[in-house]
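Notes follow the structure.
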Protein chains: 2
Amino acid sequence: MTNIHSTTPCLLLDTARMTRNIERMRTRLQSLGVALRPHVKTCKNIDIARQLTAGQPGGITVSTLAEADYFFEHGMTDILYAVGIAPGKLPAVAERMARGMTLRIILDHPQTAKAVAQAAVELGTRFRVLMEIDADGERAGLRADAPELIESANILERAGCHIDGVMVHAGGSYRCKHIEGMRRMAEQERASAVAAAERMRQAGHEVPIISVGSTPTATFADDLTGATEVRAGVHVFQDLVQAGLGVCEIDDIAISVLTEVIGHRTDDGKLLVDAGWMALSRDRGTAEQAVDQGYGLVCDASGKAFDDVIVTGTNQEHGIIGKRDGSPLNLDRFPVGIRLRILPNHACATAAQHNGYWIVDSPEQAQRWLSRCRGW
Amino acid sequence: MTNIHSTTPCLLLDTARMTRNIERMRTRLQSLGVALRPHVKTCKNIDIARQLTAGQPGGITVSTLAEADYFFEHGMTDILYAVGIAPGKLPAVAERMARGMTLRIILDHPQTAKAVAQAAVELGTRFRVLMEIDADGERAGLRADAPELIESANILERAGCHIDGVMVHAGGSYRCKHIEGMRRMAEQERASAVAAAERMRQAGHEVPIISVGSTPTATFADDLTGATEVRAGVHVFQDLVQAGLGVCEIDDIAISVLTEVIGHRTDDGKLLVDAGWMALSRDRGTAEQAVDQGYGLVCDASGKAFDDVIVTGTNQEHGIIGKRDGSPLNLDRFPVGIRLRILPNHACATAAQHNGYWIVDSPEQAQRWLSRCRGW
């Protein structure tokens, strides 16, 4: 660890932990008999994506067209763009399909279906579409029994588009208080996708793909009968939100932000470090959980967590570290100049603040760096 | 506006508003007889920094060594690195000074002073240091009457370092409820810096630089006698936090995130757009203000704000837009595919999520793009 020569703050990746996380999800989904289509918005790196897709059919899920381009340039062709398509992006989608990308888009509104149908005709492109289904009223999607589901599919089919299937993401699983809740959410997710596909099949559509998932539901699903693939992303690194949910342990969290102590606040027994929200993100995903981890849980330089020490505040390039209960830290234990690591509330958000990862877990890899793609 | 060909989401910059903001601060500081050392962590772009420093002595303030490098490569040599120096960065500072950068560092702890003194001897570098002074107990700095102030300066002087002055930032000004509070905070900032400098002068140090500032205190200071320079950064773009403080009007905010409507939530009368926290940041700086702007205030594509429409929730690449009072939006006014703009809570945080700016305010510049530097 101490052989990281990078300036602080920087993002560290413990590949041993990451590999364990990847293997655990692989074993789980194998036992459920369903393929993984990893969501690579968490890692945004090709080496990690290759490890995630090893032994899988090879498809990935992305959250931006910039990710689609980056992974395609590195040889990945089967790509689900899992954010409701903005009609303004259809020419860009068509252009990528013409270059050989098997790019699937999602939508949940007849207005979007009409825009896609119109672009299909104008651009001469048979778009590949999954209908987005709502399992929990959390964000987007049509309910499995919504009339707009068949209406939209019919609009698309008349324009020559491929109705490749349905997809669902139970984001509500992130707010469950118990494992039993996540298990029920997984079943709700599965059942709504299967019900929607069933209706679409009765209406004459083929629906080969039934895509479900989130890290919590993938971790606790009892049965995924009917689903053809599971999407999960954050399991690759895990984070404090997942640990708070019971999806992982603190010791599974594979990324952290390396920082250095730059000052002491003797009045209130707090530390100043050189990692602020620019390095940690402003994510406060544990704020509503049983244990609020502030802007991140603090570890020593080797990665061993202090149970009761968190980042209590952030400015752009300043972090303020204190005890969770507000009592003063023994500042003598944290002299100016020592390095600490901070575990993230939300791996996707913290990683997004960085251009890449320093690999830290094996001596021969100590100075290896993995880049991340960025933008839209 | 509609001639922006970029994909959504992207960051727009209205240079007419920006120029007005820059001119307003310039006029103010001229009337107070003090120079501006702009904090370029907000813009992170050389063209904007040149506009900010025009008519000023030319020095800038940065928050990372990556910014220092970027602006130095573009010809700016007088740079204050305004985050307490991490001892691990001293070799990097020495290397930059050897290349001709007039790089000043700050510190507020005798431990840091000792580390700087030791590095000065080991590296043969006469570091240039400002002592960081605390005006409000908000973040960092030594109080003007702290014994550690003279102790630290003496440690540095014995090692041959330059004690170039004092600096203070009244971050507490961001939490003021009234203009009178910001005015008092400006005086508190000025007085603490001047008092600290006076003590250091009595102890035999020269203290040529007395650097004060924040956008709120720079905007409302009555008198800056004794200060040699003011640091302000966010005034270049302004934002909803500044508008909430009374520092600017909503119509002064020069950056916004362009987004496209991707869906409707008919159950609760909300919109889905393709700008989530990745494009907006997770900053909720208006949450504690009188008017909570959610994750940003929504405007039409031309930049005209809807007073009562805000981003109520964000996921990575999804934004949820609704009325501030929770009542349903008239979704017919916002069909799928139209574009909207979102004003940021905190300009520094939102801009940091983007690789650059699209210039939008004059037709001939419509496709001009300004890049931002990034990282540490």
| request: Might you check whether a residue that is surrounded by fewer than 18 Cβ atoms within 10 Å (Cβ to Cβ), of a type outside the set (V, I, T) and free of Cβ contacts under 8 Å to residues at least 40 places away in the same chain occurs anywhere in region B:100-118? | output: yes
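Okay, residues lined up against (1) under 15 Å from B:P9 (Cα atoms); (2) in contact (Cβ under 8 Å) with a residue 24 or more places away in the chain; (3) touching a strand residue (DSSP E or B) at 6+ places or on another chain (Cβ under 6 Å):
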residue: B:D274; (1), (2), (3): yes, yes, yes
residue: B:M278; (1), (2), (3): yes, yes, no
residue: B:Q289; (1), (2), (3): no, yes, no
residue: B:A301; (1), (2), (3): yes, yes, yes
residue: B:T312; (1), (2), (3): no, yes, yes
residue: B:N315; (1), (2), (3): yes, yes, no
residue: B:G322; (1), (2), (3): no, yes, yes
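Rundown of residues vs (1) in contact with a Gly (Cβ under 8 Å, 6 or more places away or on another chain); (2) assigned by TED's automatic domain parsing to the domain that holds A:V168; (3) of a type in the set (V, I, T); (4) farther than 24 Å from A:E122 by Cβ, yes/no style:
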position: A:A68; (1), (2), (3), (4): no, yes, no, no
position: A:F71; (1), (2), (3), (4): no, yes, no, yes
position: A:G75; (1), (2), (3), (4): no, yes, no, yes
position: A:I85; (1), (2), (3), (4): no, yes, yes, no
position: A:G88; (1), (2), (3), (4): yes, yes, no, no
position: A:R96; (1), (2), (3), (4): no, yes, no, no
position: A:G100; (1), (2), (3), (4): no, yes, no, no
position: A:L103; (1), (2), (3), (4): no, yes, no, no
| query | Given the conditions (1) in the same structural domain as A:D361 (by TED's automatic domain parsing); (2) surrounded by 22 or more Cβ atoms within 10 Å (Cβ to Cβ), which single one is not true for A:A197? | reply | (1)
| request: Consider B:T8 carefully, then state whether it is over 15 Å from the mean Cα position of the chain (by Cα) and not in a strand (DSSP E or B). | output: yes
| task | Mind listing just one residue for me: the one in region B:119-140 that is closer than 30 Å to B:A186 by Cβ and acidic (D, E) and, of those, surrounded by the most Cβ atoms within 10 Å (Cβ to Cβ)? | result | B:E132
| task | Could you tell me which residue of region A:312-326 is nearest to the chain's Cα centre (by Cα), considering only residues that are more than 11 Å from every other protein chain (Cβ to nearest Cβ) and of a type outside the set (V, I, T)? | result | A:R324
| field | Residue count for region A:246-267, restricted to those that are surrounded by 24 or more Cβ atoms within 10 Å (Cβ to Cβ) and within 19 Å of the chain's Cα centre (by Cα) | value | 7
| request: Read through the list (1) away from chain B (no Cβ under 12 Å); (2) out of contact with any Gly (no Cβ under 7 Å at 6 or more places or on another chain); (3) crowded, with 20+ Cβ neighbours inside 10 Å; (4) assigned to a loop (DSSP other than H, G, I, E, B), then give the number of the only condition that A:H354 fails. | output: (1)
| said: Restricting to region A:332-351, and then to whatever is surrounded by fewer than 23 Cβ atoms within 10 Å (Cβ to Cβ) and touching a residue at least 60 places away in the same chain (Cβ under 8 Å), can you tell me which residue is nearest to the other protein chains (Cβ to nearest Cβ)? | reply: A:G337
| query | Any idea how many residues of region B:173-201 are hydroxyl-bearing (S, T, Y) and within 20 Å of the chain's Cα centre (by Cα)? | reply | 2
| note | Reported set for region A:318-339 where residues are in a loop (DSSP other than H, G, I, E, B) and of a type in the set (A, V, I, L, M) is A:L329, A:V336, A:I338
| query | Name the residues in region B:35-47 that are aliphatic (A, V, I, L, M) and crowded, with 24+ Cβ neighbours inside 10 Å, would you? | reply | B:L36, B:V40
| Enumeration of residues in region B:62-107 that are within 23 Å of A:H264 (Cα to Cα) and among the hydroxyl-bearing types (S, T, Y) | B:S63, B:T64, B:Y81
| request: Return yes or no: is B:L370 within 14 Å of another protein chain (Cβ to nearest Cβ), part of a strand (DSSP E or B) and either touching a Leu at 6+ places or on another chain (Cβ under 6 Å) or not hydroxyl-bearing (S, T, Y) (or both)? | output: no
| So which strands (runs of 3 or more DSSP E) are wholly in region B:210-311 and hold at least 2 residues that are under 14 Å from B:T350 (Cα atoms) and more than 14 Å from chain A (Cβ to nearest Cβ)? | B:255-265
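Residue by residue, here is whether (1) surrounded by fewer than 19 Cβ atoms within 10 Å (Cβ to Cβ); (2) assigned by TED's automatic domain parsing to the domain that holds B:G58; (3) out of contact with any Leu (no Cβ under 9 Å at 6 or more places or on another chain) holds:
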| position | (1), (2), (3) |
| --- | --- |
| B:L156 | no, yes, no |
| B:H162 | yes, yes, no |
| B:M185 | no, yes, yes |
| B:A191 | yes, yes, yes |
| B:F220 | no, yes, yes |
| B:V230 | no, yes, no |
| task | Those residues that are of a type outside the set (V, I, T) and outside any helix (DSSP H, G or I), I need them from region A:156-194; list them, please. | result | A:A159, A:G160, A:C161, A:H162, A:D164, A:G165, A:M167, A:H169, A:A170, A:C176, A:K177, A:H178
| field | Residue in region B:73-95 that is surrounded by the most Cβ atoms within 10 Å (Cβ to Cβ), counting only those that are farther than 20 Å from B:V168 by Cα and either under 19 Å from the mean Cα position of the chain (by Cα) or among the polar types (S, T, N, Q) (or both) | value | B:M76
| remark: Counting only residues in region B:168-183 that are within 14 Å of chain A (Cβ to nearest Cβ) and buried (at least 17 other Cβ atoms within 10 Å of the Cβ), the one nearest to B:Q242 (Cα to Cα) is identified as B:Y174
| Selection from region B:13-53 of residues that are of a type outside the set (D, E, K, R), in a loop (DSSP other than H, G, I, E, B), closer than 23 Å to B:T350 by Cβ and touching a strand residue (DSSP E or B) at 6+ places or on another chain (Cβ under 9 Å) | B:P38, B:V40, B:C43, B:N45
| message | Please go through (1) more than 14 Å from chain B (Cβ to nearest Cβ); (2) in contact with a Lys or Arg (Cβ under 9 Å, 6 or more places away or on another chain); (3) within 22 Å of A:Q238 (Cα to Cα) for A:L329 and return the number of the only condition it doesn't satisfy. | response | (3)
| note | The one condition B:H205 fails out of (1) part of a helix (DSSP H, G or I); (2) in the same structural domain as B:I22 (by TED's automatic domain parsing); (3) free of Cβ contacts under 8 Å to residues at least 60 places away in the same chain is (1)
| Mind checking which pairs have a first residue in region A:33-46 that is within 14 Å of another protein chain (Cβ to nearest Cβ) and a second that is part of a strand (DSSP E or B), Cβ under 8 Å, 6 or more apart or different chains? | A:H39/A:I60; A:H39/A:T61; A:H39/A:V62; A:V40/A:I60; A:V40/A:T61; A:V40/A:V62; A:K41/A:T61; A:K41/A:V62
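The values are calculated or read from the model by the stated rules, or taken from the named source; none is laboratory data. Note that the coordinates shown come from a computational prediction; the quantities given were computed from them, not determined experimentally. Quick reminder, even Gly has a Cβ in these numbers, built from the backbone with ideal geometry, and neighbours come from all protein chains shown.
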